[in-house]
1. Please give the helix 95-107 orientation as an angle from the longest Cα principal axis of the chain, in degrees from 0 to 90, rounded to the nearest 10.
2. How big is the antiparallel share of DSSP beta bridges in the chain, given as a percent to the nearest 5?
3. Using only the alpha-carbon atoms, how far is helix 176-201 inclined from the longest principal axis of the chain? Give it as 0 to 90 degrees, nearest 10.
4. Sequence neighbours fewer than 8 away in the same chain don't count; with that in mind, list the lysines whose C-alpha is under 26 Å from K410.
5. Which residue, chosen from I104, L114, L92, occupies the Cα position most advanced towards the positive end of the dipole of segment 26-114, where the dipole is computed from +1 (Lys, Arg) and -1 (Asp, Glu) charges on Cβ about the Cα centre?
6. Give the distance, in whole Å, between the Cα centre of segment 21-99 and the Cα centre of segment 172-209.
7. Of T166, V279, A246, whose Cα points farthest to the positive end of the dipole of segment 163-279 (charges on the beta-carbon: +1 Lys, Arg; -1 Asp, Glu; origin at the Cα centre)?
8. With mean projected area of the Cα convex hull in nm² as the read-out, I listed (1) 30.2; (2) 22.8; (3) 32.2; which label goes with the value calculated from this structure?
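The values are calculated or read from the model by the stated rules, or taken from the named source; none is laboratory data. All figures in this text were calculated on a predicted structure; none of them were measured in a lab. Quick reminder, even Gly has a Cβ in these numbers, built from the backbone with ideal geometry, and neighbours come from all protein chains shown. Please note that ligands, DNA and RNA were not included when accessible areas were found on the heavy atoms of the full protein model with its side chains. Shrake-Rupley method; radii C 1.70, N 1.55, O 1.52, S 1.80 Å.
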Amino acid sequence: MSHSDSAPTAPSNAMWGGRFAGGPSEIMEAINASIGFDQRLAAQDIAGSRAHAAMLAAQGILTDKDAEAIREGLLTVLSEIEAGTFRFSTKLEDIHMNVEARLIELIGEAGRRLHTGRSRNDQVATDFRLWVREQCDAAITSIEALQEALLTQAEQGADWVMPGFTHLQTAQPVTWGHHMLAYVEMLARDKSRFSDARARMNECPLGAAALAGTSFPIDREATARALGFDRPMANSLDAVSDRDFALDFLGASSILAMHLSRLSEELVIWSSAQFRFVVMSDRFSTGSSIMPQKKNPDAAELIRAKIGRIFGAQTALLMVMKGLPLAYSKDMQEDKEQVFDAADTVMLSLAAMEGMISDLTANPDALRAAAGHGFSTATDLADWLVREAGLPFRDAHHVTGTLVARAEAKGCDLPDLSLEEMQEVHGAITVSIFDVLGVDNSVASRTSYGGTAPANVRAQIARWKEKLG
């Protein structure tokens with residue numbers, strides 16, 4: 001006999017009331033339930049309910065006695081959840097119904113009055129917004145810890161010369177400190193994106209009810225204040241159907257993740273036997289099961305890979321939201337799992353990267369040796385021809401290219417060419433050319449704002465130390 005032909009049974013979810021005579025099938029229960037993941041919103045759900053109950057009492061919608069019973073009951077529920085003794089039920093679908101059902105068990109009739117003037121739609125929108133707001137704060141704190149670790153590295157190697165790359169080809173010498181500070185700057189933008197997202201999301205949906213508001217004389221300003229929001233959301237349809245705040249969080253997370261992946265890639269390259277720029281600590285490396293010489297930068301590689309989960313979460317939530325008419329649709333239950341996973345991945349990746357950078361040992365000798373290879377001071381030579389010999393830059397570029405070709409043919413670098421060989425290419429070259437061809441001279445000369453000169457690096461380190469306190 002099919003499910004449709006079976007005799008009616010008692011509703012498996014009495015919270016639905018009298019609308020449904022028969023209980024859902026096991027498959028429907030499984031696809032409909034979100035308690036397996038949204039129980040992470042327990043603390044936020046209880047905070048929202050406490051604020052709502054206090055407001056109802058202040059407005060005379062609940063008695064003080066009922067409000068006090070609700071307050072005490074919710075604290076008991078929270079303590080059970082925190083202690084791990086709370087029994088979650090998929091038959092009750094979600095965290096909201098699980099909490100409310102237990103509250104009614106604890107305090108009886110007063111618990112049934114809690115849902116006055118609200119809906120699960122504004123309830124979940126409030127809970128989720130509170131949770132994402134906390135994640136923004138946590139991300140900002142972890143970003144600052146990583147910035148501190150990078151600043152320590154930058155200060156240690158403010159004048160260590162290393163190759164700067166474009167296209168992963170040697171370009172011009174830079175300093176280790178300058179390279180570390182590049183990531184400090186990137187992370188500062190990441191931090192500002194989380195701050196901006198937090199400011200935008202700090203409006204309260206509670207009181208929008210199902211989609212149209214409520215006829216009860218509620219005080220939405222009071223509940224917004226109690227939950228740390230700047231103001232209530234101004235449109236009830238938008239309040240229950242908006243998930244821009246989660247997309248903002250995922251957008252900020254995705255750009256941060258991209259930066260972490262770029263740094264991970266550099267650590268993988270730099271720690272290779274071919275580069276030897278850095279040594280990763282044993283805490284963030286693993287060995288090979290067959291090759292005893294191997295020290296693998298697994299933490300960096302895993303960060304680089306996990307980043308795809310964050311990108312995927314953003315795309316997944318955009319796909320959920322893109323076709324939904326106002327206001328709430330059940331599709332929106334699929335808004336949380338990817339955000340939870342992305343937030344976990346962001347926090348784990350930031351912690352691992354902070355640990356790697358803190359433990360990282362750079363190899364100044366290998367950095368310096370690599371900085372002098374690949375004709376890295378060719379631009380300095382061209383600049384000298386413009387500045388000292390008066391050549392137009394395009395002519396200087398051509399002369400320098402000719403000298404590079406000559407050095408390449410000889411199997412040497414530019415500083416190894418004799419003055420006579422250089423003068424054969426252009427007679428205006430003098431012995432002072434050798435003052436700009438050394439890598440130290442090169443980096444020291446880059447004093448324009450934002451340049452790599454050690455003096456600049458130290459000034460930027462001081463600025464960042466002051467900003468981060």
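1. Result, in degrees: 40.
2. The answer is about 80 percent antiparallel.
3. Relative to the chain, helix 176-201 is tipped by roughly 20 degrees.
4. none
5. Selected residue: L114.
6. 34 Å
7. V279
8. (3)
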